[in-house]
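Shown next, in structure tokens, is the structure this report addresses.
Just so you know, all these numbers are worked out from the coordinates, no wet-lab data involved. Predicted, not measured: the structure shown is a model, and the values here were computed from it. Cβ: placed from backbone, ideal geometry, glycine included. Neighbour counts: every protein chain shown.
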Amino acid sequence: MFCISLSSQRNPSAEYWISYTYNPKKGMTEEFEKAVAEKTKKFNSSEENAFFTFQTLTGNQQGAYQRWQVRKSVGYFDEDRKKEGKYWNDNVDPMIAEKSGQIIWMRLKGASHGWDESRMPDKFYTQETVVIKRGKNQDFLKFHRRFTQLMSDIEWTGNRGMFKLNNGGNVQTYMLIHGFNEHNWLSYSTNLEQGTNWVEVYDEKFGENAWAEDRELANSAIESWGATSRKLEFRPDLSSKL
């Protein structure tokens, strides 16, 4: 069912991202993709209502499709999309075997780098999802916020987005997303002098052994069963054309 949850989207300063995951019925992948493309063209042709589609390349969800709406304010959840939802339910939903339902995320701006400007997606993404122990959120975020400060200081040309699940699942879930067009990390640049590494600069900025201590604190905050990693590919043919 295509629906909108209102229960906890009340922060006027938050930036919300909405995801849906779908597995088409066996033998209906081509029909599913055609229906998604037609629906997107009909209802999602502007930046305000755009959808971006990605296909999972690795893990137990290999082949699944993720559909995202990005950079939404709290006002998004008051908009009427009944006509769009009915079209999806009538024309796309019958081809779906499994679906996640709507999952709402908040982007943590202080732990994200290179995500402030609105732009078209990169070709590939890594998606690391973790579940954090109760009471350990700040232990986990301390390193990632500091690491974001470091990346800004050294003018790293890559990107990483940190998201916290807001509604639709375990609210102790965080997702770290990195987009890239080339698999070679050497394609990114910084302002670091030759021979200087990130760890040295981190410790210089935040204190002796800060890198090791902060990383250990962050890693120990993660539930032992609660970490997954996936690689996704952007599907422009199933996404809004902006």
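Any idea what the relative contact order of the chain is, in percent, if you count C-alpha pairs under 8 Å spaced at least 6 apart? Kindly include the intermediate steps, with their values, before the conclusion.
Working: 429 pairs, mean separation 72.8, N = 242.
Value for the chain: 30 percent.
Just the projected area, averaged over all directions, of the convex hull on the alpha carbon atoms of the stretch 109-230: how many nm²? Don't jump to the answer; show the numbers that get you there.
Numbers: hull surface 34.0 nm².
Taking a quarter of the hull surface, the average projection is 8.5 nm².
Report, in listed order, any pair from K26/K164; K83/K241; K42/K82; K72/K164; K34/K86; K34/K164 with a Cα-Cα distance greater than 26 Å.
Working: K26/K164 32 Å; K83/K241 21 Å; K42/K82 14 Å; K72/K164 14 Å; K34/K86 17 Å; K34/K164 32 Å.
Where the Cα-Cα span goes over 26 Å, the pairs concerned are K26/K164; K34/K164.
Counting only Cα atoms, I'd like the Rg/Rh figure for the chain, Kirkwood definition for Rh. The partial results should precede the final answer.
Working: Rg = 19.2 Å, Rh = 19.4 Å.
Here Rg/Rh amounts to 0.99.
For q = 0.21, 0.23, 0.25 Å⁻¹, what log10 I(q)/I(0) does the stretch 174-242 give under the Debye formula with an equal point scatterer on each alpha carbon and no solvent?
Log10 I(q)/I(0), no solvent term: -1.11, -1.14, -1.16.
Can you tell me the equivalent ellipsoid semi-axes for the stretch 1-134? Use √(5λ) from the Cα gyration tensor, largest first, whole Å.
Whole-Å semi-axes of the equivalent ellipsoid: 24, 19, 15.
Out of residues 5 or more away from Q61 or on other chains, whose amide H comes under 5 Å of its own, with H placed 1.01 Å from N in the peptide plane?
For Q61, whose amide H was placed from the backbone, there are no distant partners under 5 Å.
Less than 26 Å apart at the alpha-carbon level, and either on another chain or at least 8 residues along: which lysines does that give for K205?
Correct list for K205: K109, K136, K142.
Treat the count of other C-beta atoms within 10 Å as a stand-in for reagent exposure and order M175, M28, M120, M162 from fewest to most.
With the fewest neighbours first, M175, M28, M120, M162 line up as M120, M28, M175, M162.
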